[in-house]
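A short write-up of the structure that comes next.
The values are calculated or read from the model by the stated rules, or taken from the named source; none is laboratory data. Every value quoted in this text rests on a predicted model; they were computed, and no experiment measured them. Please note: Cβ atoms are built from the backbone with ideal geometry, for glycine as well, and neighbour counts cover all protein chains shown.
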Amino acid sequence: MQLHLKFVETAKKMGKKTAVIDTATQKTYNYNLMLIASLILKNRFDRIEGKYLGIMLPTSAGCHLGVLATLMSGKIPVMINYSTGAIENSIYAQEKCGFESIITSKKLLLKLNLEPLETMIYIEDILESVSKIDKLAAAIQSKLPYPLLKNHIHKGDDEDTCVILFTSGSEKDPKAVQLTHANITHNISVLPDWMGMHDDEIFGGTLPLFHVFGLTATFWLPLLMGSTVVTFANPLDYKLIVEKIKEHKITVMIGTPTFFAGYLKRSEKGDFDSVRFAVTGADKLNDKLRLTYLEEHGLQVMEGYGATETSPVISLNSFTDYRPGSIGKPVPGVEVKIIDPKTDKELAAGETGKVMVRGAMVMKGYLGDVEETMLHIRNGWYDTGDMGMVDKDGFLWHKGRLKRFVKVGGEMVSLVRTEELLTALLPEGVYCCVVDVPNPLKGADVVAAVATGDFDQKHVLHELKKQLPAIAVPKEFYVIADIPLMGSGKVNFREVENICRQMQKKNK
């Protein structure tokens, strides 16, 4: 069954139960109201031409309704990243997918201080134009028995594309990922049992829906489970998020390590007492952060692993299967194998190589890019581009992006390994990122970008030299007060490299 039809079925069943608490508008929507509102928007979106419809809205009830209504009208939502280069990303998406109309918000553009494109349609204008007759008609329609109501909504195949998401662009230009209803359904169907979640969970919706982690884990998962989600328009508003976790007794916190670090800084003992599940992914969870949550709040942060192309979850630690430092065991329906990056030979347990995955969650392909699709999906196996190892007990260990290994003086160096050790040595709250810069003699030098220079560099370097070969120790520390991040909270490595290279030139 397609996702929007599953939502209709869930909404009919849950009725007056709270579906969304929108902290930006301070409004609460039950499942009945979400169904009625999505039907109203669906009738408006029917009038918009084209197969695709851009959605550029912050995490909110409005964004949720926009995605639901787009699918109900038979269109495919194209989720646009507004956190970095909103207008450029909008134009890029339009050109890549061949569409015009983008649903956005006046408040968002005003906050970002941006001039709108002519093809943008404001959600505020749509809502203001809704008449009492429109509302009454949708309310009556929503009361129809499900078998009749679904005849008024677009129906298709589970293998149809249900969303276009763009890869982060942290390493090169974003690719348009086509995920199907069946892809996301795989994650939705296995995660509740894997984690032991129930429909009475209250999710914290902090992640943007243009990121697959947010779209699946804090939008589709709670709404199709019949749970409640508390939405936050700004994932960096740590103080507000911590306050609302306590106020609404949120039981499920999902985010990147960067966001978890932010919550920690603004929290006091007892703020996370309601939280049963703390799940992180998209970037490596360092031991310092994990142990601090455990020691100060008694909260075990579960680390998982995934990709935009896999809807996203590949593996995840759980209460019954947990190994600190690992990224968990593959979830049901997912196969993982480790291959030699040079020979493609499958490696044994304990050996490090390239991570390949197979399962129903693997994307349909990159829109308009057959070559890239064929490079990444071979014989049903998706090439993650990550290096990893599966231990003898079946736990997957992430060893970094293949592209985050750099050749220094003919030897391969893991930037991730240097980053992990450096993080452990830096003072609490000092953020770092390890990248490489050109060296005409050795090919490259390892350098570190740090958020502040207020630490003992000599001591840090001395300790690193005890644990790393000389070629893996940072040759320079570049202070970047605001280390560039993607909207998901991941480091924008490409931008950090550019800044470090510019600083390198100035220092010569």
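See the values below:
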| item | result |
| --- | --- |
| Answer from Tyr263, Tyr238 - the residue that is touching a residue at least 24 places away in the same chain (Cβ under 8 Å), surrounded by fewer than 21 Cβ atoms within 10 Å (Cβ to Cβ) and in contact with a helix residue (DSSP H, G or I) (Cβ under 9 Å, 6 or more places away or on another chain) | Tyr238 |
| Residue within segment 132-153 that is more than 30 Å from Cys433 (Cβ to Cβ) and in contact with a Ser or Thr (Cβ under 6 Å, 6 or more places away or on another chain) present | no |
| Verdict on Thr308 being closer than 28 Å to Glu419 by Cβ, of a type in the set (S, T, N, Q) and in contact (Cβ under 8 Å) with a residue 40 or more places away in the chain | yes |
| Complete set of residues in segment 469-501 that are surrounded by 15 or more Cβ atoms within 10 Å (Cβ to Cβ), more than 30 Å from Gly214 (Cβ to Cβ), modelled with pLDDT under 85 and not charged (D, E, K, R) | Ile471, Ala472 |
| Segment 131-161, residues that are assigned to a loop (DSSP other than H, G, I, E, B) and under 33 Å from the mean Cα position of the chain (by Cα) | Ile153, His154, Lys155, Gly156, Asp157, Asp158, Glu159, Asp160 |
| Residue among Val313, Val355 that is under 22 Å from the mean Cα position of the chain (by Cα), without any contact (Cβ under 8 Å) to a residue 60 or more places away in the chain and crowded, with 23+ Cβ neighbours inside 10 Å | Val355 |
| Complete set of residues in segment 456-498 that are part of a helix (DSSP H, G or I) and either touching a Pro at 6+ places or on another chain (Cβ under 8 Å) or hydrophobic (A, V, I, L, M, F, W, C) (or both) | Val460, Leu461, Leu464, Ala470, Ile471, Ala472, Phe493, Glu495, Val496 |
| Restricting segment 280-304 to residues that are over 14 Å from Lys490 (Cβ atoms) and of a type in the set (Lys, Arg), the residue that is surrounded by the most Cβ atoms within 10 Å (Cβ to Cβ) | Arg290 |
| Filtered residues of segment 158-185 (kept if in contact with a helix residue (DSSP H, G or I) (Cβ under 8 Å, 6 or more places away or on another chain), surrounded by fewer than 20 Cβ atoms within 10 Å (Cβ to Cβ) and among the charged types (D, E, K, R)) | Asp158, Glu159, Asp160, Glu171, Lys172 |
| Residues that are among the small types (Gly, Ala, Ser) and within 24 Å of the chain's Cα centre (by Cα), drawn from segment 1-23 | Ala19 |
| Unmet requirement for Ala11, which otherwise passes all of (1) aliphatic (A, V, I, L, M); (2) in a helix (DSSP H, G or I); (3) within 19 Å of Glu128 (Cα to Cα) | (3) |
| Search result, residues across segment 118-151 that are modelled with pLDDT under 95, under 23 Å from Gly54 (Cα atoms) and either surrounded by 15 or more Cβ atoms within 10 Å (Cβ to Cβ) or of a type outside the set (D, E, K, R) (or both) | Ile123, Ile126, Leu127, Ser129, Val130 |
| Residue within segment 364-380 that is out of contact with any Lys or Arg (no Cβ under 8 Å at 6 or more places or on another chain), on the phi > 0 side of the Ramachandran plot and at pLDDT 85 or above present | yes |
| Cross-chain or 6+ apart pairs with Cβ under 7 Å, segment 449-464 first and over 20 Å from Arg417 (Cα atoms), then not in a loop (DSSP other than H, G, I, E, B) and not aromatic (Phe, Trp, Tyr) | Thr452/Val479; Gly453/Val479 |
| Among the residues listed as Thr70, Thr104, Thr59, the single one being touching a His at 6+ places or on another chain (Cβ under 9 Å) and either more than 25 Å from Thr180 (Cβ to Cβ) or surrounded by 24 or more Cβ atoms within 10 Å (Cβ to Cβ) (or both) | Thr70 |
| The listed residue being in a strand (DSSP E or B) and under 25 Å from Phe99 (Cβ atoms), out of Ile184, Ile164, Ile126 | Ile164 |
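Every residue, every condition in (1) of a type outside the set (D, E, K, R); (2) within 14 Å of the chain's Cα centre (by Cα), yes or no:
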site	(1), (2)
Phe213	yes, yes
Ala217	yes, yes
Pro222	yes, no
Met225	yes, no
Glu247	no, no
